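Worksheet: one structure, shown below.
The values are calculated or read from the model by the stated rules, or taken from the named source; none is laboratory data. The shown structure was predicted, so the numbers you read here are calculated from the model rather than taken from an experiment. Calculation scope for accessible area: heavy atoms of the full protein, side chains included, ligands and nucleic acids excluded. Shrake-Rupley method; radii C 1.70, N 1.55, O 1.52, S 1.80 Å.
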Amino acid sequence: MIVLLKEKERTLNKLDFRWYFSLFYLLLIDVIHGFYLFSSWIAFFIFYHFFVDWFKSKLKLGHYLLVIFTFCAYIFIYLFDVFLAYLDNNEILKFGIEYLWFFAVEALISFVIFKGKI
């Protein structure tokens, strides 16, 4: 999604089907992982507007930046979900080993597919 938004800024084109598919994917992640609905959307937009440019300018890691973005996304979404659970007086979701597997797979996919795009 970061790649799509950066592409939109460079070309001034509208967002296409890939953007809406990404939003649907985030919604699916919320359901699969048991997060609050739309918490990943909110966490992504907060992360994008406040941290992405800072990471790009401060961290000179090039190709590994997407892996760092994926890691930060998982942590940020989890922390945001913990915050929402606290506000709702619900049980806090445990961060299990399966999230590390999901992170590893998504980080590998982002590294291979989007290498050089950011």
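Computed over protein heavy atoms with a 1.4 Å probe, the accessible surface of the chain works out to 68 Å² per residue. Non-local lysine pairs in the chain, meaning eight or more places apart or on different chains, with alpha-carbon distances under 20 Å, amount to 16. The Rg/Rh ratio for segment 34-118 is 1.01, where Rg is the radius of gyration of the alpha carbons and Rh is the Kirkwood radius.
When the Cα gyration tensor is reduced to axis lengths a ≥ b ≥ c, the ratio a/c is 1.5 or higher for segment 57-99, and with a/b not above b/c it is classed as oblate. Across segment 1-69, counting alpha-carbon atoms alone, Rg and Dmax equal 13.3, 36 Å.
Quick check: at a probe of 1.4 Å, how many percent of the accessible area of the chain sits on carbon and sulfur atoms?
Values: 5730 of 8080 Å².
Heavy-atom surface of the chain belonging to carbon and sulfur, 1.4 Å probe: 71 percent.
Does segment 34-81 classify as rounded, prolate or oblate by the C-alpha gyration tensor (a ≥ b ≥ c root eigenvalues; a/c under 1.5 gives rounded; else a/b over b/c gives prolate, otherwise oblate)? Because a/c hits 1.5 or more and a/b exceeds b/c, segment 34-81 counts as prolate.
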